[in-house]
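Undergrad: Structure provided below as structure tokens; questions to follow.
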Amino acid sequence: MIPESGAPLLRVQDLTIGIRRPGGRSVAIVEDVSFDVDPGQRLGIVGESGSGKSLTLRAVAGLLPRGVEVLSGRVEFAGRDLLTMPAKDRRALMGPQIAMIFQEPMTALNPVMRVGDQIAEGPRRHLGMSAKEAGELAVSMMARTGIPDPARRAKAYPHELSGGLRQRIMIAMAVSCGPRLLLCDEPTTALDVTVQLQVLKLLEKLCDDTGASLVFVTHDLAVVNQTCSELAVMYAGHIVEAGRVKDTFRQPRHPYTRGLLESAPDFDRPERELIPIPGFPPNVADRPSGCPFAPRCGYVRDHCTEAVPPLEEVLPGRLAACYESDRLVEVLA
Amino acid sequence: MSVAPVSTAVPAATDTSMLRVSALTKSYSRGTSLLSRFGAGGPSTLKALDGVDLELRQGEILALVGESGSGKSTLAKILVGSTTATSGEVSYRGATAPARRDRESSRRVQMVFQDPYSSLNPRLTVGRMLAELLLLHKIVPRREVRAESIRLLNLVGLEEEVLGAYPSQFSGGQRQRLAIARAIAVRPDVLIADEPVSALDVSVQATILDLFTSLRAELGLSILFVAHNLAVVQHLSDRVAVMYLGRIVEVADTAEIFARPRHPYTRALIDSIPRMRETSVNDAFELDGEPPSPYDVPAGCRFHPRCALASEICFATDPPLLQIGPAHESACLKADELATIPLPDPAQELP
């Protein structure tokens, strides 16, 4: 797909998400997050629990949990700010333009509605299809996602299907209106490895076929390596490193990224010693001054605790938020 | 003073086997609704375990891997005594374990659960949790409870200060340390760990894996590690047992099974691992679909509907787990054929 006048499909700018407290004080959970997703591009957002990766994705989808809101920043989709447009217009984009796939299909699907009808709902509402057309589309979408015997399965309820099939139903639902942007929140975490591989390949194929962009949130570095070309690493509500997946894995330029890579077992290097990251992520309400990773960082120097390091280009195509990034030049074996 | 007996009266002949199960089965019936009594609704017995033979040796870390529904957790539950087998035998150090465990036999096999958020009593402080166990099992006399609790906490990498804290005050990794401290408090010989790191963040996983390794060394524990993450399994375990639909289909040393898998299911699992680098994955072993229902296990080899190598003989013959090499067992009729198909080679990665 050719980018329209070179503009990104999704542009997130200085996004700050948090909780507004009575009395005007607010607590930021995600702070000043910016990234672009070009048409057809696949971005993986990696981080540990509490890093703000899922909230960032949910802010794009307009699905923040109650009490959590966007405090500042912009989320532009195809040049329009999703945050300031009328709610009606935004809802009209969800489905035909932007679709989301959740981690746990059992809680995301309607338990009392046949799965075929759930898939058909979007095309009927957004594409003006008749019930019959939409029903046929649902069956063909199910076939496309590799569900055996789709016509019969379309009449099933979610509880009658296995986890892998439910996740395929969610994917069929998400892509039924041909969205340009797919948002995935840990879509394979609840699945077995064999089924995970099938689902990842399916997502990849659907994106290839339709030219859709993908934002894929996960804690699993290896899954990002298989699915995405671009990477953003989040820590304590900030993007701390961003770049191409392969380059970043080979030569991380932020100590946290490096720590993640060194602490995760790599099947192809069984002899390598795992090096845990000492300490714990900070509480968002009580971030240390300066770099949020400083208390756990092996490269820390005095100035690290004075101000939050900005996310800057450290190599062509690579951003890192670290004052000491130049000291991380080693290529991981 | 009464102290838990140190296992000295053990016959020498059994010194390699801590826990052994043979021909173990576990069936669940699908309930007793009126319809099922009249035979409607298809097969009504679920075979969670269908003839499992497995041995946990003294001082080893044995990993048990397989898809959800393969029976891993059922086997773990039977070993720890929280459920009973339908048939077959569980023996502990060569002696048959009673179906109903008494306090002493349940002390010897302890469990660490997957989710440290739900497996610790939120209303007990760490100190009380440990004290209760130490006293109930008469591990140390009352006046030594505090010192013993501190010793346990230090063993799992926590400090004395946490004695007065509640589980909610801890992070996931620390909670898992507490769960491990609780399990080793009663001085077990065997630890059954059911997915103990899969709920933890990557940066914390490594510390818990290290803890298992050091406890094995310091306390001489034998550990059964139930897991689905093969990279973790490869890192931690000495041997691997692969389960499929209620059976063990392959057992071998860790290095051997990953370098030379001799069951197509093991092979498919290996090919499904998301990799950190480029590999030329052989698609022939990718699995289509999902495991068949354990209510309706396929005839012949239970893996044949999903197997790339299956032929006539596999449809009819249910292969037993056989020795196919030194310390390597496989339940596949095509184990030799499989050995000739090369594995994806990580050495072919791009620079």
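Undergrad: So in the range A:275-290, with the set limited to residues that are assigned to a loop (DSSP other than H, G, I, E, B) and surrounded by 18 or more Cβ atoms within 10 Å (Cβ to Cβ), which one is farthest from the other protein chains (Cβ to nearest Cβ)?
TA: Selected residue: A:GLY290.
Undergrad: Taking the range A:99-112, which residues are away from chain B (no Cβ under 14 Å), aliphatic (A, V, I, L, M) and in contact with a helix residue (DSSP H, G or I) (Cβ under 8 Å, 6 or more places away or on another chain)?
TA: A:ALA99, A:MET100, A:ILE101, A:ALA108, A:LEU109
Undergrad: In the range A:300-333, how many residues are in a loop (DSSP other than H, G, I, E, B) and surrounded by 14 or more Cβ atoms within 10 Å (Cβ to Cβ)?
TA: 10
Undergrad: For residues that are basic (Lys, Arg) and free of Cβ contacts under 8 Å to residues at least 60 places away in the same chain, tally how many sit in the range B:105-162.
TA: Residues in the range B:105-162 being basic (Lys, Arg) and free of Cβ contacts under 8 Å to residues at least 60 places away in the same chain: 6 in total.
Undergrad: Does B:VAL297 satisfy the criteria of being modelled with pLDDT of 90 or more, within 24 Å of A:VAL195 (Cα to Cα) and surrounded by 16 or more Cβ atoms within 10 Å (Cβ to Cβ)?
TA: no
Undergrad: May I ask you to list the residues in the range A:232-247 that are farther than 23 Å from A:VAL70 by Cα and either touching a helix residue (DSSP H, G or I) at 6+ places or on another chain (Cβ under 7 Å) or within 12 Å of another protein chain (Cβ to nearest Cβ) (or both)?
TA: The answer is A:VAL245, A:LYS246, A:ASP247.
Undergrad: Count, please, the residues in the range B:208-233 that happen to be modelled with pLDDT of 90 or more and out of contact with any strand residue (DSSP E or B) (no Cβ under 8 Å at 6 or more places or on another chain).
TA: Final tally of qualifying residues: 11.
Undergrad: Has the range B:250-263 got any residue that is small (Gly, Ala, Ser) and crowded, with 23+ Cβ neighbours inside 10 Å?
TA: So far as the range B:250-263 goes, yes, one or more of its residues are small (Gly, Ala, Ser) and crowded, with 23+ Cβ neighbours inside 10 Å.
Undergrad: Of the residues B:ARG146, B:ARG175, which is touching a helix residue (DSSP H, G or I) at 6+ places or on another chain (Cβ under 8 Å), at pLDDT 95 or above and either within 27 Å of A:ASN283 (Cβ to Cβ) or more than 14 Å from chain A (Cβ to nearest Cβ) (or both)?
TA: B:ARG146
Undergrad: Any idea which residue in the range A:161-199 is surrounded by the fewest Cβ atoms within 10 Å (Cβ to Cβ), counting only those that are hydrophobic (A, V, I, L, M, F, W, C), closer than 30 Å to A:VAL112 by Cβ and within 14 Å of another protein chain (Cβ to nearest Cβ)?
TA: A:ALA190
Undergrad: Also: Would you mind telling me which numbered condition in (1) within 12 Å of chain B (Cβ to nearest Cβ); (2) under 15 Å from the mean Cα position of the chain (by Cα); (3) over 28 Å from B:LEU287 (Cβ atoms) A:ASP220 fails?
TA: (3)
Undergrad: Restricting to the range B:159-170, count the residues that are within 13 Å of chain A (Cβ to nearest Cβ) and in a loop (DSSP other than H, G, I, E, B).
TA: Within the range B:159-170, residues that are within 13 Å of chain A (Cβ to nearest Cβ) and in a loop (DSSP other than H, G, I, E, B) number 1.
Undergrad: Among the residues of the range B:46-94, which ones are in contact (Cβ under 8 Å) with a residue 60 or more places away in the chain and farther than 30 Å from B:SER272 by Cβ?
TA: B:GLN58, B:GLY59, B:ALA85, B:THR86, B:SER87, B:GLY88, B:GLU89, B:VAL90, B:SER91, B:TYR92, B:ARG93, B:GLY94
Undergrad: Scanning the range B:181-208 for residues that are within 25 Å of B:LEU163 (Cβ to Cβ) and part of a helix (DSSP H, G or I), which turns out farthest from the other protein chains (Cβ to nearest Cβ)?
TA: It comes out as B:ALA185.
Undergrad: I would also like to ask the following. List pairs: first in the range A:152-170 and within 19 Å of A:GLY122 (Cα to Cα), second part of a loop (DSSP other than H, G, I, E, B) and polar (S, T, N, Q), Cβ under 6 Å, 6+ apart or cross-chain?
TA: Final answer for the pair search is A:ARG168/A:THR145.
Undergrad: Just give me the residues in the range B:189-208 being out of contact with any Ser or Thr (no Cβ under 9 Å at 6 or more places or on another chain) and surrounded by fewer than 22 Cβ atoms within 10 Å (Cβ to Cβ), in sequence order.
TA: Matches in the range B:189-208: B:SER198, B:ALA199.
Undergrad: Which of the residues belonging to the range B:210-226 are surrounded by fewer than 22 Cβ atoms within 10 Å (Cβ to Cβ) and within 14 Å of chain A (Cβ to nearest Cβ)?
TA: B:ASP210, B:LEU211, B:PHE212, B:THR213, B:SER214 - these are the residues of the range B:210-226 that are surrounded by fewer than 22 Cβ atoms within 10 Å (Cβ to Cβ) and within 14 Å of chain A (Cβ to nearest Cβ).
Undergrad: Would you please list the contacts, defined by Cβ atoms under 8 Å and residues six or more apart or on different chains, that run from a residue in the range A:82-102 that is under 28 Å from A:ARG168 (Cβ atoms) and in contact (Cβ under 8 Å) with a residue 24 or more places away in the chain to a residue that is among the acidic types (Asp, Glu) and buried (at least 19 other Cβ atoms within 10 Å of the Cβ)?
TA: A:MET100/A:ASP185; A:ILE101/A:ASP185; A:PHE102/A:ASP185
Undergrad: Having 1 or more residues that are β-branched (Val, Ile, Thr) and more than 23 Å from A:LEU9 (Cβ to Cβ) is the bar; report the helices (runs of 4 or more DSSP H) wholly within the range A:181-250 that clear it.
TA: A:193-210
Undergrad: Suppose we filter A:TYR235, A:TYR157 for residues that are among the aromatic types (Phe, Trp, Tyr) and buried (at least 23 other Cβ atoms within 10 Å of the Cβ); which single one remains?
TA: Exactly one residue qualifies, and that residue is A:TYR235.
Undergrad: Among the candidates B:ASP288, B:ASP238, B:ASP271, B:ASP296, single out the residue that is under 19 Å from the mean Cα position of the chain (by Cα) and of a type outside the set (Gly, Ala, Ser).
TA: Selected residue: B:ASP238, the only one of B:ASP288, B:ASP238, B:ASP271, B:ASP296 that is under 19 Å from the mean Cα position of the chain (by Cα) and of a type outside the set (Gly, Ala, Ser).
Undergrad: Looking at the range B:74-95, which of its residues are farther than 16 Å from B:GLU55 by Cβ and hydroxyl-bearing (Ser, Thr, Tyr)?
TA: Scanning the range B:74-95 gives B:THR74, B:SER82, B:THR83, B:THR84, B:THR86, B:SER87.
Undergrad: Hey, another quick one. Go through (1) part of a helix (DSSP H, G or I); (2) surrounded by fewer than 18 Cβ atoms within 10 Å (Cβ to Cβ) for B:GLY173 and report which single condition fails.
TA: (2)
Undergrad: Right, another one. Check B:LEU236, B:LEU287, B:LEU245 and return the single one that is of a type in the set (A, V, I, L, M), under 30 Å from A:GLU160 (Cβ atoms) and either more than 8 Å from chain A (Cβ to nearest Cβ) or surrounded by fewer than 22 Cβ atoms within 10 Å (Cβ to Cβ) (or both).
TA: The conditions single out B:LEU245.
The values are calculated or read from the model by the stated rules, or taken from the named source; none is laboratory data. If you're wondering where the values come from, they're calculated on a predicted model, not measured in any experiment. Don't worry about glycine lacking a Cβ; one is built from the backbone with ideal geometry, like all the others, and counts go over all protein chains shown.
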